[in-house]
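Q: If you scroll down you'll find the structure; I have some questions about it.
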Amino acid sequence: MSHPWETYQAVYVHIPFCVHKCAYCDFASYQIYNDHIMTDYARRLVEEISAWTPALPVSPTATVYFGGGTPSYVDPKYVIGAMRQIRNYYKITDNAEITIEMNPGTVDENKIKQYEKAGFNRFSVGLQTANDDLLRDIGRIHTKADFVKTAELLKGKNFSVDIMIGLEGQTTEDIKEAIDLASSAGAKHISSYALKAEEGTPMYGRYLNGDLPSEDEVADEYDFTVKYLAE
């Protein structure tokens with residue numbers, strides 16, 4: 001028998017499909033996607049949720065997080081269905097934080113409305129950089145303009161923004177622009193991540209060639225980011 005202090009405080013759901021795999025990504029994600037594949041994945045996901053329920057007691061106040069891949073890429077019905085099953089098997093409170101990751105190139109007003117109806121109350125938006133040249137270079141499918149449109153759709157809502165540092169050719173002015181854009185767009189939270197070139201990714205070849213910023217350069221960018229965010 002489990003004890004109250006042994007309950008888990010988070011549920012993570014992985015949606016492993018993307019329009020295009022980014023040059024730095026080593027997560028389990030795949031460009032091959034259609035309704036048949038997603039239907040099969042959703043079925044297996046429900047089986048996992050039901051099978052693990054007795055072994056993984058979840059706190060009613062647990063956070064729920066849909067990541068990927070790109071959850072906002074697939075038909076919303078699959079995300080909504082998975083969330084419905086989580087509620088069927090776990091007692092999740094109405095005010096629990098429920099997040100979905102978004103790529104600005106895959107979002108529209110209808111999707112956001114459906115997510116909210118399903119109980120999602122936090123949106124994690126992957127901006128990464130406000131420089132379109134850098135976005136193309138790292139394999140992102142969206143542009144700065146796409147982010148602005150997405151932020152407009154999320155105006156007044158609880159959304160966070162991810163930005164990256166340590167990109168090839170990136171300057172502190174690029175980082176400042178991304179932070180300024182996220183802040184002015186109304187982001188409630190900004191997360192900054194340093195690029196890590198994982199073995200097996202296209203970005204790893206650049207690392208081996210010495211094309212990426214050095215550790216000292218990334219450290220300087222990090223210090224700049226921390227100080228600028230504090231301001």
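The values are calculated or read from the model by the stated rules, or taken from the named source; none is laboratory data. Treat the numbers as computed from the prediction; the structure is a model and nothing was measured. Heads up, the Cβs are rebuilt from the backbone with ideal geometry, glycines too, and the neighbour counts pull from every protein chain shown. Calculation scope for accessible area: heavy atoms of the full protein, side chains included, ligands and nucleic acids excluded. Shrake-Rupley method; radii C 1.70, N 1.55, O 1.52, S 1.80 Å.
Q: Compute the distance in nm between two label points, each set 7 Å from the Cα along the Cα-to-Cβ direction, one at ASP40 and one at THR61.
A: Rounded to a tenth, the inter-label distance reads 4.2 nm.
Q: Calculate what fraction, in whole %, of the accessible area of the chain sits on carbon and sulfur atoms when a 1.4 Å probe is rolled over the protein chains.
A: Here carbon and sulfur together make up 51 percent of the probe-accessible area.
Q: Please compute the modelled spin-label separation between GLU47 and HIS189, points set 7 Å along Cα→Cβ, answer in nm with one decimal.
A: 3.3
Q: For the stretch 95-161, what is the convex hull (Cα atoms) projected area averaged across all directions, in square nanometres?
A: One quarter of the hull surface, i.e. the mean projection, equals 4.3 nm².
Q: Still on this structure, I have one more. Could you tell me what fraction of 2.2 N^0.38 Å the Cα radius of gyration of the stretch 34-169 comes to, as a two-decimal ratio?
A: Cα Rg divided by the expected 2.2 N^0.38 Å: 1.14.
Q: In vacuum, with every alpha carbon of the chain counted as one equal point scatterer, what does the Debye formula give for log10 I(q)/I(0) at q = 0.10 Å⁻¹? Two decimals, please.
A: Calculated log10 I(q)/I(0) at the listed q: -0.51.
Q: Looking at GLY69, PRO104, SER59, which one has the Cα that reaches farthest to the positive end of the dipole of the chain (charges on Cβ: Lys, Arg +1; Asp, Glu -1)?
A: Looking along the dipole axis, the top candidate is SER59.
Q: Just to confirm, what accessible area per residue do you get for the chain at 1.4 Å probe, in whole Å²?
A: It amounts to 54 Å² per residue over the chain.
Q: Given axes a ≥ b ≥ c from the Cα gyration tensor, I'd like to know whether the stretch 34-100 is rounded (a/c under 1.5), prolate (a/b larger than b/c) or oblate.
A: Oblate.
Q: Could I get the Rg over Rh figure for the stretch 150-214? Both from C-alpha atoms, Rh via Kirkwood, rounded to two places.
A: Rounded to two decimals, Rg/Rh equals 1.09.
Q: Now a separate question. Of the residues PRO16, PRO54, PRO76, which exhibits the maximal mean-square fluctuation in a Gaussian network model of the chain defined by a 10 Å Cα contact cut-off?
A: PRO54
Q: While we're on this one: Assigning unit charges at the beta carbon (Lys, Arg +1; Asp, Glu -1) and nothing else, what dipole magnitude in debye, to the nearest 20, does the chain show about its Cα centre?
A: 1360
Q: Additional query: Helix-only mean residue ellipticity at 222 nm, the chain, DSSP H runs n ≥ 4 weighted -39,500 (n - 2.57), per residue, nearest 500. What is it?
A: Calculated from helices alone, the mean residue ellipticity at 222 nm is -12500 deg cm²/dmol.
Q: Then there is this: Would you calculate the convex hull of the Cα atoms in the stretch 118-231 and tell me its volume per residue in Å³?
A: With only Cα atoms used, the stretch 118-231 gives 113 Å³ per residue.
Q: Can you pull the one-decimal nm distance between simple spin-label points at GLU215 and LYS91, each 7 Å off the Cα toward Cβ?
A: Taking the two extended label points, one gets 5.0 nm.
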